[in-house]
Amino acid sequence: MINKSVLDYDFPTYLKVIADFTENELIPAENEMVDAGEVPARIVDRMAELGLFAITIPREYGGLGWTMEQQVQLTFEFTRASCVYRSRFSTVIGLCSQAILDHGTEEQRRQMLPAMAAGELVTAFALTEEFAGSDAASLRTTARRKGGVYVIDGSKRYITNAGWADAFIVFARTDETEPGAAGVSAFVVDAKAPGVRTALPTIMNGHAEGPVGEIYFDSVEVPAANLLGGREGEGKGLVMALRGINHARTHVAATCVGQATRMLEETTAHVIGRRQFGSPLSELGAVQAELGASFAEMEAGRALVIESARAFDSGVVPRHRIAAAKLYGSEMASRVADRCVQLLGGEGIVGPHPVPRMWRDVRALRIYEGSSPIHERNLAKAMIKQVGADGTLPDSYRA
Ligand SMILES: Cc1cc2nc3c(=O)[nH]c(=O)nc-3n(C[C@H](O)[C@H](O)[C@H](O)COP(=O)(O)OP(=O)(O)OC[C@H]3O[C@@H](n4cnc5c(N)ncnc54)[C@H](O)[C@@H]3O)c2cc1C
């Protein structure tokens, strides 16, 4: 439940509250989270009280309704802490709420968004399957109409918050004669519905405290009213996914900047304090070169995110720029993480320093929300098509 006073904060006050929460509560609780193997319940409650589940949801549906530029500024702050904390509410603020907001019926919005904003209805976004990863449009889960219900059969994997969600947005094929995107629809499915089963992996290499899970649907009956947007197929299902995905990608790009910020703060402090050959490591030119290059790359990543967010707020979804920001940001965060681990020496491998944990965590950012090779491929395809058509580049800045 959101603390009522949070609703009255102006943005600078709210940003400071979240920055303080990160510094005073999230970062100090990281080791507790690692020991527990999950985000502690009291931290999830605090995130709900402070409105972190609500930052993207408009005020009329019980949210805080911050602009995209404000959302990314918040993300720069709270992702100075482990990015696993963000995962706990990311599926609500990005993927799911945005699909419901843009494509749901008014009744679906009124039913779900206020509870999602309050942190009382956690939703997960169930698109990926064993045989449909990068090629999501080839998904095989089916939803067959039977009177007033749809019957869902199939399975999903790698789903963030599968183990914690109260409901899933499930992408399933309603037209089995149509093998691509056009046959796909989206449904809201209660996580406790008969026939739904989830399983968590035993091993996570990164994001260990926020394990992704598998979801199995065995003849799950879903009321027809749970068909998102109230209409089947016509490619609408995957269009709904993409709207949420573009939103989430912008947040992921901002997460990369937040993670790089913390890793560089920690590593710079380390090299100032660590003496070898009679002087602090920070006085060595080779060390300074690594720090300076990392800082410049982090700021380039931040600029891409802010520019995409501003375009977003002006009413355009600059999907190619968003893809570029996500591609660059995630590769940048991994490069920075690798340099930081190197500068920590043995501490980068042995012991509880936060940077090596973040190094493992940021690796996943190059895989989800579109892997780096897929973004490179899609950007190149869009460039070739657009230049072929009118000589300009996609999302062009040309006057
Ligand atoms: C931590 C985490 C959280 C996730 N959360 C969610 C979630 O909440 N909901 C959800 O639905 N999914 C989620 N995913 C799944 C994620 O979206 C997929 O892992 C991703 O789309 C890649 O699919 P895949 O793993 O099947 O890899 P594959 O599709 O098998 O790809 C493997 C590799 O081959 C490359 N590749 C594939 N096709 C091409 C091509 N045409 N050209 C060049 N390279 C190619 C890819 O880039 C990739 O590096 C999550 C994954 C992770 C790791």
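List the number of the failed condition for GLY229; all other conditions in (1) part of a loop (DSSP other than H, G, I, E, B); (2) surrounded by 17 or more Cβ atoms within 10 Å (Cβ to Cβ) hold. Failing condition for GLY229: (1). When the stretch 284-296 is limited to residues that are in contact with a helix residue (DSSP H, G or I) (Cβ under 9 Å, 6 or more places away or on another chain) and part of a helix (DSSP H, G or I), the one that is most open to solvent (accessible area, probe 1.4 Å) turns out to be PHE295. The residue pairs whose first member lies in the stretch 91-102 and is open to solvent by 10 Å² or more (accessible area, probe 1.4 Å), whose second member is away from the ligand (no atom under 13 Å from the Cβ) and outside any helix (DSSP H, G or I), and whose beta carbons are closer than 9 Å, counting only pairs six or more residues apart or on different chains, are LEU101/THR56; LEU101/ILE57; LEU101/PRO58.
When you check PRO373 against the structure, is it more than 20 Å from the chain's Cα centre (by Cα) and open to solvent by 70 Å² or more (accessible area, probe 1.4 Å), yes or no? For PRO373, the condition - more than 20 Å from the chain's Cα centre (by Cα) and open to solvent by 70 Å² or more (accessible area, probe 1.4 Å) - is not met.
Summed over the stretch 67-87, residues that are surrounded by fewer than 24 Cβ atoms within 10 Å (Cβ to Cβ) and closer than 17 Å to GLU120 by Cα total 1. Taking residues in the stretch 1-18 that are farther than 16 Å from GLN73 by Cα, and partners anywhere that are of a type in the set (Asp, Glu) and surrounded by 12 or more Cβ atoms within 10 Å (Cβ to Cβ), the pairs with Cβ atoms closer than 6 Å and at least 6 places apart or on different chains are ASN3/GLU49.
Is it true that ARG140 is free of Cβ contacts under 8 Å to residues at least 40 places away in the same chain and closer than 19 Å to ALA193 by Cβ?
Criteria not met by ARG140.
Taken over the stretch 159-179, the residue count meeting the criterion of being small (Gly, Ala, Ser) and more than 13 Å from the ligand (Cβ to nearest atom) is 1. Checking the structure you have, find out if any residue of the stretch 150-158 is within 9 Å of the ligand (Cβ to nearest atom), open to solvent by 30 Å² or more (accessible area, probe 1.4 Å) and out of contact with any Gly (no Cβ under 6 Å at 6 or more places or on another chain). Yes, some residue in the stretch 150-158 is within 9 Å of the ligand (Cβ to nearest atom), open to solvent by 30 Å² or more (accessible area, probe 1.4 Å) and out of contact with any Gly (no Cβ under 6 Å at 6 or more places or on another chain).
Among the residues of the stretch 131-149, those that are surrounded by 18 or more Cβ atoms within 10 Å (Cβ to Cβ) and either part of a loop (DSSP other than H, G, I, E, B) or touching an Asp or Glu at 6+ places or on another chain (Cβ under 7 Å) (or both) comprise LEU139, THR141. Screening the candidates GLU32, GLU49 for the property of being under 22 Å from ALA208 (Cα atoms) and open to solvent by 20 Å² or more (accessible area, probe 1.4 Å) yields one hit, GLU32. No other residue among VAL271, VAL252 is in the same structural domain as SER372 (by TED's automatic domain parsing), under 27 Å from ALA137 (Cα atoms) and at pLDDT 95 or above apart from VAL252.
Going through (1) open to solvent by 60 Å² or more (accessible area, probe 1.4 Å); (2) in a helix (DSSP H, G or I); (3) β-branched (Val, Ile, Thr) one by one, THR261 falls short only on (1). THR123 meets the stated requirement of being open to solvent by less than 10 Å² (accessible area, probe 1.4 Å) and within 15 Å of the ligand (Cβ to nearest atom). None of ALA364, ALA399 is at pLDDT below 95 and of a type in the set (Gly, Ala, Ser) except ALA399.
The listed residues are GLY180, GLY163, GLY195, and the only one of them that is under 26 Å from VAL122 (Cβ atoms) and surrounded by fewer than 16 Cβ atoms within 10 Å (Cβ to Cβ) turns out to be GLY195.
MET358 meets all of the listed conditions (1) open to solvent by 50 Å² or more (accessible area, probe 1.4 Å); (2) modelled with pLDDT of 95 or more but one, namely (1).
From the residues in the stretch 204-224 that are in contact (Cβ under 8 Å) with a residue 24 or more places away in the chain and hydrophobic (A, V, I, L, M, F, W, C), which one is farthest from the ligand (Cβ to nearest atom)?
First, the residues of the stretch 204-224 that are in contact (Cβ under 8 Å) with a residue 24 or more places away in the chain: 205-224.
Next cut, hydrophobic (A, V, I, L, M, F, W, C) only: 208, 212, 215, 217, 220, 222, 224.
On the way: ALA208: 10, VAL212: 5, ILE215: 10, PHE217: 14, VAL220: 17, VAL222: 18, ALA224: 23 Å.
The selected residue is ALA224.
Got a sec? Which of ALA182, ALA193 is among the hydrophobic types (A, V, I, L, M, F, W, C), outside any helix (DSSP H, G or I), more than 16 Å from the ligand (Cβ to nearest atom) and out of contact with any Ser or Thr (no Cβ under 7 Å at 6 or more places or on another chain)?
Going through ALA182, ALA193 in turn, the sole match is ALA193.
The values are calculated or read from the model by the stated rules, or taken from the named source; none is laboratory data. Just so it is clear, the structure is predicted and the values come from calculations on it, not from any experiment. Cβ atoms come from the backbone with ideal geometry, glycine included; neighbour counts cover every protein chain shown. These area figures cover heavy atoms from the full protein model, side chains too; ligands, DNA and RNA do not enter into them. Shrake-Rupley method; radii C 1.70, N 1.55, O 1.52, S 1.80 Å.
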